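J.: Sharing a structure below in structure tokens format, with a few things to ask.
The values are calculated or read from the model by the stated rules, or taken from the named source; none is laboratory data. Nothing here was measured: the structure is a model prediction, and the numbers come from that model. Note that we place each Cβ from the backbone using ideal geometry, even for glycine, and neighbour counts take in every protein chain shown. When the accessible area is computed, the model is the full protein with side chains, heavy atoms only, and any ligands, DNA or RNA have been set aside. Shrake-Rupley method; radii C 1.70, N 1.55, O 1.52, S 1.80 Å.
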Amino acid sequence: MHSKTMFSVNQSTPSVRRIAVIGSGMAGLTAAIKLSSQGHDVSVFEKSRGPGGRLSSKRVTDGAVDFGAQYFTARHAGFRQFLDTYAGPGSYAHWPARFVFQRNDGSREAFPDDERFVGVPRMTAVSRALSGHVNLHGSTRIRNLARKDSTWELVTVDGERLGPFDRIVLTVPPAQASDILLESGLTDLAGRIDGMAGSLLPCWAVALHFQEPLDPGFDGLRCDHPVFFWIGNNTSKPGRPPHGQWWMLHADPDWTREHLDTPEEEVVRELKEAFSELADIVAEPDDWLAHRWLYARSEHNDRPGSLWFADQGIGLAGDWLSGGRVEGAFLSASDLVSAMAD
Ligand SMILES: Cc1cc2nc3c(=O)[nH]c(=O)nc-3n(C[C@H](O)[C@H](O)[C@H](O)COP(=O)(O)OP(=O)(O)OC[C@H]3O[C@@H](n4cnc5c(N)ncnc54)[C@H](O)[C@@H]3O)c2cc1C
């Protein structure tokens with residue numbers, strides 16, 4: 001495990017702020033670590049038990065399968081440096097896979113050259129390691145912010161009040177950010193993200209386990225297909241146990257919208273059949289897991305990076321403000337931390 005960095009907090013210095021970060025995905029963890037490293041007194045609040053958000057893995061008998069982000073890029077040198085410093089170089093690795101794009105006429109083409117990384121031995125290894133550097137409060141769902149003199153308090157869904165804080169950093173998806181701002185009476189701020197709330201697309205994710213390895217000619221497939229958005233061989237990622245194979249199927253956003261209320265077993269059956277047809281396989285899976293994401297990937301790339309409302313002391317960051325994806329979440333939080341320092 002990477003050693004925990006101790007950030008010195010000196011409450012007597014006027015520029016030291018008490019900062020609440022809401023959400024512990026890549027954006028929240030990045031913001032918390034960068035603000036702590038500036039000497040601020042930072043607390044992170046997360047509705048789930050553990051950190052990571054859409055960097056998500058579910059436990060299976062012999063390890064875990066990645067249900068959210070499948071891999072991430074690190075095109076900006078600052079992102080690699082951040083990961084090496086705070087998550088540790090052992091928490092992630094290059095995934096040297098056969099990535100192909102399949103058009104709707106069935107023709108395939110290799111992905112453009114790029115380095116693609118995964119957490120090792122599971123995606124959440126990265127968020128776990130990063131969270132070791134922050135003061136994380138799990139199982140704490142924030143409903144709204146409440147003014148207390150010149151500071152803020154957080155109000156949880158159970159009515160508990162937390163604080164006071166000088167600054168608030170919201171890193172939750174846009175629909176949830178909008179709800180929190182509206183519940184707080186901050187209609188102007190909610191108006192600033194109006195129209196972005198629907199920008200995260202839904203996704204049914206199904207993992208299938210096969211006793212005998214399959215080889216459909218790819219490890220990762222992005223497709224222009226009525227059912228699928230992505231198909232990946234989770235077992236081909238570095239550090240995964242080699243017992244049989246786990247395949248991850250991500251449904252297309254339109255298909256998911258049409259099947260939002262379809263029972264899980266039915267979704268698994270339909271995706272399994274479509275996978276057999278697409279990959280031309282006859283083997284039957286012996287285990288499966290499913291998860292319905294209401295907010296998966298962002299479809300917009302023309303966003304401001306982050307939003308900082310200096311008068312209110314409230315900032316917003318997240319993948320949806322910076323081109324989507326894991327690296328976008330890092331860049332958005334970095335952008336916000338710079339804006340807050342100005
Ligand atoms: C199925 C799927 C596939 C993907 N594939 C890829 C990929 O291959 N490559 C890639 O780069 N990206 C991929 N992504 C996108 C990537 O996962 C995200 O861009 C990134 O993880 C977003 O990080 P974030 O910190 O902005 O948001 P999140 O990870 O969503 O973090 C927000 C956090 O806020 C918490 N929260 C929400 N509301 C509250 C509240 N009221 N109180 C407290 N906490 C709250 C949530 O629980 C969550 O932990 C994928 C995502 C999904 C779901």
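J.: Condition first: in contact (Cβ under 8 Å) with a residue 40 or more places away in the chain, within 16 Å of the ligand (Cβ to nearest atom) and open to solvent by 30 Å² or more (accessible area, probe 1.4 Å). Can you find one or more residues in the stretch 233-253 that meet it?
T.: Within the stretch 233-253 (the criterion being in contact (Cβ under 8 Å) with a residue 40 or more places away in the chain, within 16 Å of the ligand (Cβ to nearest atom) and open to solvent by 30 Å² or more (accessible area, probe 1.4 Å)), the answer is yes, since at least one residue qualifies.
J.: Hey, could you check the stretch 57-72 for residues that are more than 7 Å from the ligand (Cβ to nearest atom) and assigned to a loop (DSSP other than H, G, I, E, B) and say which is least open to solvent (accessible area, probe 1.4 Å)?
T.: Going through the stretch 57-72, the residues more than 7 Å from the ligand (Cβ to nearest atom) turn out to be 57-66.
After this cut, where a residue has to be assigned to a loop (DSSP other than H, G, I, E, B) as well, the list is 61-62.
Details: T61: 138, D62: 38 Å².
Among those residues, the one meeting the criterion is D62.
J.: Right, here's the next one. Quick test of your reading of the structure: F79 fulfils all but one of (1) under 17 Å from D319 (Cα atoms); (2) in a loop (DSSP other than H, G, I, E, B). Name the failing condition by number.
T.: (2)
J.: For the stretch 308-333, give me each residue that is open to solvent by 20 Å² or more (accessible area, probe 1.4 Å) and more than 12 Å from the ligand (Cβ to nearest atom).
T.: Within the stretch 308-333, W308, F309, A310, D311, Q312 meet the criteria.
J.: Among the residues in the stretch 32-54, are any within 30 Å of D342 (Cα to Cα), free of Cβ contacts under 8 Å to residues at least 24 places away in the same chain and either part of a strand (DSSP E or B) or outside the structural domain of E160 (by TED's automatic domain parsing) (or both)?
T.: no
J.: Of the conditions (1) more than 11 Å from the ligand (Cβ to nearest atom); (2) within 30 Å of V42 (Cβ to Cβ), P263 clears all except one; give me its number.
T.: Only one criterion in (1) more than 11 Å from the ligand (Cβ to nearest atom); (2) within 30 Å of V42 (Cβ to Cβ) is unmet by P263, namely (2).
J.: Hey, can you tell me all the residues within the stretch 89-123 that are surrounded by 15 or more Cβ atoms within 10 Å (Cβ to Cβ) and over 22 Å from S236 (Cα atoms)?
T.: none
J.: Residues that are in a loop (DSSP other than H, G, I, E, B) and of a type in the set (F, W, Y): does the stretch 93-103 have at least one?
T.: First, pick out the residues of the stretch 93-103 that are in a loop (DSSP other than H, G, I, E, B): 95-98, 103.
Subset that is of a type in the set (F, W, Y): 95.
Yes; the residues of the stretch 93-103 include at least one that is in a loop (DSSP other than H, G, I, E, B) and of a type in the set (F, W, Y).
Yes/no per residue for (1) in the same structural domain as V326 (by TED's automatic domain parsing); (2) farther than 20 Å from D224 by Cα; (3) in contact with a His (Cβ under 6 Å, 6 or more places away or on another chain):
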position	(1), (2), (3)
W255	no, no, no
E258	no, no, no
E270	no, no, no
E273	no, no, no
S276	no, no, no
I281	no, no, no
H291	no, yes, no
W308	yes, yes, no
D311	yes, yes, no
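J.: Here is a further query. Could you check the stretch 166-198 and list, in sequence order, the residues that are of a type in the set (S, T, Y) and over 24 Å from V44 (Cβ atoms)? So that I can check it myself, show each step before the final result.
T.: Of the residues in the stretch 166-198, the ones of a type in the set (S, T, Y) are 171, 178, 184, 187.
If the condition is that a residue be of a type in the set (S, T, Y) and over 24 Å from V44 (Cβ atoms), then T187 is the only one that fits.
J.: In the stretch 281-305, how many residues are surrounded by fewer than 18 Cβ atoms within 10 Å (Cβ to Cβ) and assigned to a loop (DSSP other than H, G, I, E, B)?
T.: 10
J.: Return only the number of the condition from (1) touching a Ser or Thr at 6+ places or on another chain (Cβ under 9 Å); (2) of a type in the set (S, T, Y); (3) open to solvent by 10 Å² or more (accessible area, probe 1.4 Å) that S276 does not satisfy.
T.: Among (1) touching a Ser or Thr at 6+ places or on another chain (Cβ under 9 Å); (2) of a type in the set (S, T, Y); (3) open to solvent by 10 Å² or more (accessible area, probe 1.4 Å), the lone unmet condition for S276 is (1).
J.: Out of curiosity, is T30 open to solvent by less than 20 Å² (accessible area, probe 1.4 Å) and more than 7 Å from the ligand (Cβ to nearest atom)?
T.: For T30, the condition - open to solvent by less than 20 Å² (accessible area, probe 1.4 Å) and more than 7 Å from the ligand (Cβ to nearest atom) - is met.
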